[in-house]
Amino acid sequence: MTKTLPLCALIACLFHFSSYAQDDPGTRFSIGIKMYPAAVTARIINADNQALEGISYVSDKAIRMVLLYEMHLNITDNIHWYFGGGPHFSVWNHQWKDIHKYYGSDGSVGIDGIVGIEHTFEDSPLSVGLDWQPSYTIMGLYNGHNRFEVGYGGIDVRLTF
């Protein structure tokens, strides 16, 4: 139940925002998967190439949700790069805390950045991307220490509607 509630909330929000994409021909909505760590991702890009992306990492020990504002810039017709940032929120159980001793609380809040490149295939709704997502945790670690992490990011595969 605790894993499905945030995921369902993310999906409901993104379907709500996707209704705007249907009203504006310049707006694109995409949903996909991201590998390392495994995540579900959804993105809305408007005609000005500004995007809002939601990423949800879910495991048996932790949940991490990220909301990113992104700017997309074309390199070619089929390749673009993007950058941006936004907040993240994480919660984890006691098994996670036993493995990662520096986590003294049951959750954390922080800021993520993102920079990446994406290729869209002609005459296909499919796209493939590669990104790096550094993260800075502000609240929720042992003894109030902040933490900079560089291990988020990876390869994503999306379907665009």
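Work through the residues other than GLY84 whose Cβ is under 11 Å from its Cβ and net out their charges, Lys, Arg +1 and Asp, Glu -1.
Values: positive: ARG43; negative: GLU53, GLU70, ASP112, ASP131.
Taking every Cβ under 11 Å from that of GLY84, the sum is -3.
Note down the net charge around VAL128, summing +1 for each Lys or Arg and -1 for each Asp or Glu among other residues with Cβ under 9 Å from its Cβ. If you can, show how the numbers build up before the last one.
Working: positive: ARG158; negative: GLU118, ASP156.
Neighbourhood net charge equals -1.
With Cβ to Cβ distances under 14 Å as the rule, what net charge do the other residues near GLY32 carry (K, R +1; D, E -1)? Let's see the in-between values first.
Working: positive: ARG28, LYS34, ARG43, ARG158; negative: GLU53, GLU118, ASP131, ASP156.
With Lys, Arg at +1 and Asp, Glu at -1, the neighbours total 0.
Every number here is computed from the coordinates shown, using simple stated rules; none is lab data. If you're wondering where the values come from, they're calculated on a predicted model, not measured in any experiment. In this analysis, Cβ positions are derived from the backbone assuming ideal geometry, glycine residues included, and neighbour counts consider all displayed protein chains.
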